[in-house]
Structure formats: C-alpha cells, structure tokens
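Participant: Got a structure for you, questions after.
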Amino acid sequence: MTTDQIQLVKSTVPILKEHGVLLTSHFYKRMFVHNPELKHVFNMGNQQNSKQQTALAMAVLAYAEHIENPAVLMPAVDHIGHKHTSLDIRPEHYAIVGQHLIASISEVLGDAASPELLEAWTLAYQQLAAIMSGHEQKIYSQQTAKKGGWTGWRPFVVCERVKESNEITSFYLYPSDGGDVADYLPGQYISLRLFLPELNLLQPRQYSISCSPNGKYYRISVKREAGSKHPDGMISNRLHDHIYAGDIVELTAPAGSFVLNKQTPSRKVFISGGVGQTPLLSMLEDIVAKPDTQGVPPVTWIHGCRSEQVHAFKDKIAEICTSYKQLDQHIFYENEQSPAKNHYQGRVELEILKNEILKPETDYYICGPAPFISKHYEFLIANGVPVETIHFEEFGPASLQLN
C-alpha cells in the first residue's frame, strides 16, 4: 500500500467509530442474502443479539487505527484465529467476506466512498486476510501435528450425561471412530455442531472443555437457557432435550488462547460467575493432577451463582479441597445464605477477599458474563495488579477491550 492509501484508510477511523456497527450490520445482511450457505458457518444467535456485528466493527476499527503497524494486533489476531479455526474458517471464506465488505463500504458511505478509498480498503483487506489466514494455517498445522489431531468436523459419540446442577449438564464425548483424542491446553474450548430444525440450519457453538486433558474424552458442561427460543440458546437447550448417550455430535479440534500459565509456579486465583467456571475447572483439575515440579502453587477458587441448586461441581471442588491442601474456596450465593465456611450472600465481591488474593507473583483468571469480567478486572487494576497477570475469557464474540 502507498502512503496515500494508508492515509485514506486512516481517514475512515472517525466514521468507523461512529457508524461501525451500522456498516457491519449492513455487511452481514448483504452477505447472507448473496451467500446463504454461510448461515451454517456463523452463529445466528450472535447475529440477532448484535454481538457479532459489534465484534467485527471493533476489529475493523482496530485494524484501521494500526494499519501502519498491524504487528501490534497479533494478540487479537491469535484470539480471532483460534475462533476461526474452531469454526473451520478457510481462505476461500475470506474472499467472500472481502467482496461483501468492500461493497458494504460503498453502499453505506455512498458518494463519500470514492474509487480511491475503495481501492485503498480493498488492498487493506487483502493484507489483513493474508495475515489472518496465514496465522490460521499455522494453528491448523499445529492441530494436525498432534497425536489424534484433526481439522474440520469430526463425529464424536455421547457416552455419558451427568446432571451437575438444576441448570448444568455434562456431556462426555468420545471419538466415534475409536481413534485417539488430541491433547489440549487447560482452558481451551471445542466447537460443537448440531442441526436445528427450528432454523433449518446447521449451527456451531463453542463450549469450554471442563475437564483436564485425559487422553480419552472431552467433557463439556452446558447450561440450559430456560425458556429461551432465541437462537443463542437453541443449541444448549437441544443438547439438554434431545442429545443422549449413544447420539453423535460433530466437533472441531480444541482451540483458544485463554489457557493456564504453566511457565511459573505462581499463585493462581480463579474467579468465575455461573457456567464461567468450566474452563477454570479444567485448569484446576490439571494443577491438582500434575503439580508443578518447581512446587505446589497455592490456589484460591472464587465462584458466584444464584443459589446452591444451580451451583455445579460444588461436591467436586469440595473433594479437591480435601485432598489439595493448597486450595481455598470462597462461594457467593445471590439468593440465599449458607452456613458453610467461606460462603457469602450476594454477588462476588473481591474487596472481602483482598487480603488473601492481592499478593505478589499471582496469576488471575476471570470468566463469566462481560459485566462480571469488567467489574473484577477493574478492581484488580485499581489495586495495583499488573495487567499482564490478569487473564479473562468472554464467552461469545469479543466485546471487551480491557488489556
């Protein structure tokens, strides 16, 4: 790209800040009209709740702002790349997206979209597509290099269902071909695909693996979305209502960049809300199963949910506390009091636990709804915790820009 073309792209930053979601909403509508087959690839629930449009608008804006040095976006590229490989996104999809993105810029901006601006954005998009697809090819190569690794969709059989609470059920998934199960990093997720008769579409959803690597199966722990007929909850509810032992589901290989840091034996603090505990449970199980050779790291487990009835894995965590003396847990119930030790009424408040958790050489992992993550991230930052020691996972398309 020439200097003038770079400046043309940067000149659209104010427009993207103000009208980015309008542009991306137009883009998705246009793409699904002309390429309806992509409805099987994209989460249509995220289309209805505008999460996908917002996430794309933020990504396009960030790229325009940093087009002179896109290397600074590599953490975001890696995060998105894992999402894309988990959805089996391939280079040919980028060509379709590019066609509709440039057309949308022209249609939304109207007379302001000069031929020079459209040419600059075409080159900018091609550069971004090359960066993204190149990084994703590396992830695909890493997946296939593993024992039992694969790319694309692979059939797995549900061998067991376990009710963990009034809302959450675990599904134990084994390869239907009897082959090996690819290893993964604690905290990663898999994509699961089912056919939804209500939409007449195949639909993918991403679920954290809720157990530590074991070489035999993957376990996902899924929350029922009570009363939900919205596409956002249809796959979760279909798993609860229609998928039983012996049924087949399709999975992509484990992916994700929200993973346990094993490089240091630092103290770990896990902070979760509701079903957000699932990736943290995988991390915790891995720690207690394979203590670091440099020492046994102290762990603090902080979890919040509405009540004991919807509290999944409470017996499992209590069992780990008994055997792993370096683990302390603190439980917050919004709707009830509990006589148990280290149980509190109300939502999670880190202020109550600051003397225990605000210590040097500590890694913090937060998972839950976006407001939950923001609240506790901001508390840690306000109390002097280094940003590089705070890790978080937001379920769904990324909408938080905290780090």
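Participant: Could you give the C-alpha radius of gyration of the range 76-213 expressed as a fraction of 2.2 N^0.38 Å, taking N as the number of residues it contains?
Facilitator: 1.36
Participant: How big is the Kirkwood radius of the range 145-198, worked out from every pair of different alpha carbons and given in Å to one decimal?
Facilitator: 13.3 Å
Participant: Neighbour counts of other C-beta atoms within 10 Å: give me ILE317, ILE373 arranged from fewest to most.
Facilitator: ILE317, ILE373
Participant: Whole-Hz Karplus ³J(HN,Hα) for the range 375-380, in order, using 6.51 cos²θ - 1.76 cosθ + 1.60 and θ = phi - 60°, x for Gly and Pro?
Facilitator: Along the range 375-380, the couplings run 4, 7, 4, 5, 4, 5 Hz.
Participant: Sticking with this structure for a sec: Can you work out D for the range 309-392 in µm² s⁻¹ from Stokes-Einstein, where Rh is the Kirkwood radius over C-alpha pairs, the temperature is 20 °C and the viscosity is 1.002 mPa s?
Facilitator: Result for D is 149 µm²/s.
Participant: A further question follows. Can you sort LYS147, LYS39 by how many other beta carbons sit within 10 Å, fewest first?
Facilitator: Final ranking by Cβ density, sparse to dense: LYS147, LYS39.
Participant: Continuing with this model, one more query. How large is the dipole of the range 267-393 about the Cα centre if only Lys and Arg carry +1 and Asp and Glu carry -1, each at its Cβ, rounded to the nearest 20 debye?
Facilitator: Once rounded to the nearest 20, the dipole reads 140 debye.
Participant: With r as the distance between the Cβ atoms of ARG161 and LYS341 and R0 = 56 Å, compute the FRET efficiency 1/(1 + (r/R0)^6) and round to 0.05.
Facilitator: For LYS341 and ARG161, the calculated efficiency is 0.95.
Participant: Taking the chain as a Gaussian network, Cα atoms linked when under 10 Å apart, which of ALA57, ALA112, ALA312 shows the biggest mean-square fluctuation?
Facilitator: Top of the fluctuation ranking is ALA112.
Participant: Now for a separate question. Want the number for ASN261 to GLU68: 0.36 nm per residue separation, take away the alpha-carbon distance, what's left?
Facilitator: Computed gain between ASN261 and GLU68 is 66.3 nm.
Participant: Separate question: Quick one: what are the phi-derived ³J(HN,Hα) couplings along the range 269-285, Karplus 6.51/-1.76/1.60 with θ = phi - 60°, whole Hz, x for glycine and proline?
Facilitator: Running phi through 6.51 cos²θ - 1.76 cosθ + 1.60 with θ = phi - 60° gives 10, 9, 10, 9, x, x, 6, x, 6, 4, x, 5, 5, 4, 5, 4, 4 Hz.
Participant: Under Stokes-Einstein, with the Kirkwood radius over Cα pairs standing in for Rh, what whole-number D in µm²/s applies to the range 3-145 at 37 °C and 0.692 mPa s?
Facilitator: 209 µm²/s
Participant: Let me spell out the model: positive unit charges on the Cβ of Lys and Arg, negative unit charges on the Cβ of Asp and Glu, origin at the Cα centre of the chain. What dipole size does that give, in debye rounded to 20?
Facilitator: That gives a dipole near 720 debye.
Participant: Tell me the volume per residue, in Å³, of the convex hull enclosing the alpha carbons of the range 205-354.
Facilitator: Normalising the Cα hull of the range 205-354 by residue number yields 152 Å³.
Participant: If you rank VAL275, VAL72 by fewest surrounding Cβ atoms within 10 Å, what's the result?
Facilitator: VAL72, VAL275
Participant: Starting from the Cα of LYS10, step 7 Å along the direction of its Cβ; do the same at GLU334; then give the gap between the two resulting points in nm.
Facilitator: 4.5 nm
Participant: Mind listing the phi-derived Karplus ³J(HN,Hα) values for the range 167-180, rounded to whole Hz, using 6.51, -1.76 and 1.60 with θ = phi - 60°, and x for any glycine or proline?
Facilitator: Calculated HN-Hα couplings, in order: 10, 10, 10, 9, 10, 9, 10, 10, x, 5, 8, x, x, 6 Hz.
Participant: While we're here: Using amide H atoms built in the peptide plane, which far-off residues or other-chain residues are under 5 Å from PHE332 H to H?
Facilitator: Amide H to amide H, under 5 Å and 5 or more residues apart or across chains, PHE332 pairs with HIS303, GLY304, CYS305, TYR344.
Participant: Below 8 Å between Cα atoms, with a sequence gap of 6+, how large is the relative contact order for the range 3-145 in percent?
Facilitator: 35 percent
Participant: Same structure, new question: Given a Förster distance of 35 angstrom, what is the FRET efficiency for ALA382 paired with SER141, based on the Cβ-Cβ distance and rounded to 0.05?
Facilitator: 0.25
Participant: Normalised by the empirical 2.2 N^0.38 Å for globular proteins, what value does the Cα Rg of the range 154-251 take?
Facilitator: 1.04
Participant: Where does the charge balance sit around ILE357 when Lys and Arg score +1, Asp and Glu -1, over other residues with C-beta under 12 Å from its C-beta?
Facilitator: -1
Laboratory data are not the source of any read-out in this text; all were calculated from the coordinates shown. Keep in mind that what you see is a predicted model, and the values were worked out from it rather than measured. Note: ideal-geometry Cβ built from the backbone for every residue, glycine included; neighbour counts use all protein chains shown.
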